[in-house]
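Notes for the one structure printed next.
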Amino acid sequence: MTPRDEHKWRQRAASLDWLHAVPDDVLIDMVLRDCQCAWIFDPGEAPELSGEDEPDRELAARLCAGCPAMDACLELDLRIWGPRTTGVFGALPEQDRQALYPYWAARRSRRRPTGGGDMQ
Ligand code: SF4
C-alpha cells in the first residue's frame with residue numbers, strides 16, 4: 001500500500017466518525033430508508049464484481065453514486081462484516097473495504113461507541 005493509499009483510507013475512516021455513537025438498529029433503519037440499490041436492481045440482477053481492482057472500483061462507484069445512505073451503509077458493513085466483507089457497500093468494492101477496515105477499527109478502538117453495539 002502506498003502512502004497515498006494510507007492517507008486515503010485514513011481520511012475515509014475519519015469521515016465515518018460522525019456515526020460512531022449511532023446504534024446498530026438506527027443505522028439499519030437509515031440504510032433501509034434511504035438506500036438506492038434496493039429499488040435499482042431486482043434480487044439476483046445486480047452486477048457482480050470482477051475480482052480486479054479497477055473495474056470493481058468503477059462498478060461500486062457507479063452503483064452507489066449519489067446514494068444518501070452511503071456513509072451509514074459503509075459504517076454498517078464495517079461493523080457487521082469487518083474484514084470478512086464481500087460485495088459492494090458504501091460505494092466501495094470488497095478489496096477497498098478490506099483495506100479501509102484496519103483504519104476504521106483503529107479509530108473505533110479509540111472512540112468506543114456510546115450507544116451502538118458490535119454486531120461481529
Ligand atoms: S451505498 Fe451503495 S450499497 Fe449502500 S445502500 Fe447505497 S446504493 Fe446500496
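I need a count of the residues in segment 72-102 that are among the aliphatic types (A, V, I, L, M), in a helix (DSSP H, G or I) and closer than 18 Å to Glu54 by Cβ.
Adding up the residues that qualify gives 2.
Got a number for residues in segment 7-25 being over 12 Å from Leu100 (Cβ atoms), among the aliphatic types (A, V, I, L, M), in contact (Cβ under 8 Å) with a residue 60 or more places away in the chain and surrounded by 15 or more Cβ atoms within 10 Å (Cβ to Cβ)?
1
Right, Ala46: part of a helix (DSSP H, G or I) and either modelled with pLDDT of 90 or more or near the ligand (Cβ under 10 Å from one of its atoms) (or both) or not?
No: the conditions fail for Ala46.
Can you name the condition, by its number, that Arg4 falls short on among (1) more than 13 Å from the ligand (Cβ to nearest atom); (2) surrounded by 11 or more Cβ atoms within 10 Å (Cβ to Cβ); (3) assigned to a helix (DSSP H, G or I)?
Just one mismatch for Arg4, condition (2).
Has segment 45-66 got at least one residue that is touching a helix residue (DSSP H, G or I) at 6+ places or on another chain (Cβ under 8 Å), among the small types (Gly, Ala, Ser) and in contact (Cβ under 8 Å) with a residue 60 or more places away in the chain?
no
The values are calculated or read from the model by the stated rules, or taken from the named source; none is laboratory data. Values in this document were obtained by computation on a predicted structure and should not be read as measured data. So basically every Cβ, Gly included, is an ideal-geometry build from the backbone, and we count neighbours across all protein chains shown.
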